[in-house]
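Colleague: Pasting a structure below so you can have a look.
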Amino acid sequence: MSKSLPTFVGRLRIFCSITKVGFWAMTEKKNTKWRVNWLLLAGLATIIYFTVLVFFLVPQTEPCQNSTGSAIENLLICRAPNELGDFLSGAFAPIAFLWLVAAVLIQAQELEAQREELVLTRQELTNSREVMKEQAEQAKNQAIQAQRQADFIGEQTENFKRQAEDYYREKQDRIFEETLRALHKSTVARIGGYSYQIATNGGTVMGSAPDFRNRDPETALFEMRAFLEQLEISLTKLLPTSQWPISLNFTPLIVGLEKLISMETSVSPSFQIKIASLGLKESLSAASKIEEIKTMRNRNNNIQ
């Protein structure tokens, strides 16, 4: 008894060392989560089982009679085949069952790992979807900002265009006023005070132009209309045998009126109204007809 006790204690220490090493080996850290390594655990359990079997159980078997060999020799040599078969089947059955359970647990662990990978993949897809949504939202905001900038640039362009157009029209207004004053000074003022006598079937028609020299250009042009229309009507009634009673040349007046009327589309709306109120088109029509009557009269006289 005293000799077997140290042997048993030594074997127990070996068993405890193996168990301690197996405890640290049976777990592994994976993705910050500790998992049981069933393969190492099954191997450790197998080693422990055979250690217990060889060092603790086999020595406790009944030795063969008259045998001085080791425990293994006592177990194998003097046993009947059926006893040896029963021993081996009983010894290895727990190992087979242990590895069957380990295989099932390893497969379950792998399935759990696959599920976790699927969860992580799904989470990654969700995060990617969120990132894509944020990127789409940012792209949408950038498009809105770009559209606003384009609208702002368009508005600024329209403002510059209107300013340029207003400046151009103001310049044309000044040119129109200068042209109107020049026409008044060079042509209309010289017609002022002109008197005429026209022989018609109804008698002699006398008339005279207002003194345009004392009128401002706009008033003079406005009164010029009535004078020219009255003179046109009188000349249409002129006797064929009478000489041409008008010594005025209306060609410079016609040229000046045409120039003023041609500026109608380029001046501001207020000046367009002024052109219509001054009767420039009516004055041009009357002066042109007077020149036509004069031309036809001269042609007829030349024929005769």
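Colleague: Beyond 24 Å between alpha-carbons counts as too far, so tell me which of 140/161; 237/289; 171/281; 171/259; 259/289; 237/294 fall in that bin.
Modeller: Over 24 Å apart, Cα to Cα: 140/161.
Colleague: Give the aspartates and glutamates whose C-alpha is closer than 13 Å to that of residue 185, dropping any in the same chain fewer than 8 places away, or say none.
Modeller: 177, 211, 216, 218
Colleague: Using 0.36 nm per residue of separation minus the Cα-Cα distance, give me the extension gain between residue 242 and residue 128 in nm, one decimal.
Modeller: Additional length available on full extension: 30.6 nm.
Colleague: Which of the aspartates and glutamates could a cross-linker span from residue 133 if the Cα-Cα distance has to be under 15 Å and same-chain partners fewer than 8 positions apart are dropped?
Modeller: Excluding near neighbours in sequence, the set is 124.
Colleague: Full extension from residue 249 to residue 93: what is 0.36 nm times the residue separation minus their Cα-Cα distance, to one decimal in nm?
Modeller: Using 0.36 nm per residue and subtracting the Cα-Cα distance, I get 42.0 nm.
Colleague: Quote to one decimal, in nm, the extra length available between residue 175 and residue 151 on full extension: 0.36 nm per residue of separation minus the C-alpha distance between them.
Modeller: Gain in length upon complete extension: 5.1 nm.
Colleague: Still on this structure: Quick one: what do you get for the range 157-296 if you divide its Cα Rg by 2.2 N^0.38 Å?
Modeller: Cα-based Rg divided by the globular estimate yields 1.24.
All of the numbers you see were taken from the coordinates with simple rules; none came from a lab. Model, not experiment: these values are computed from the prediction.
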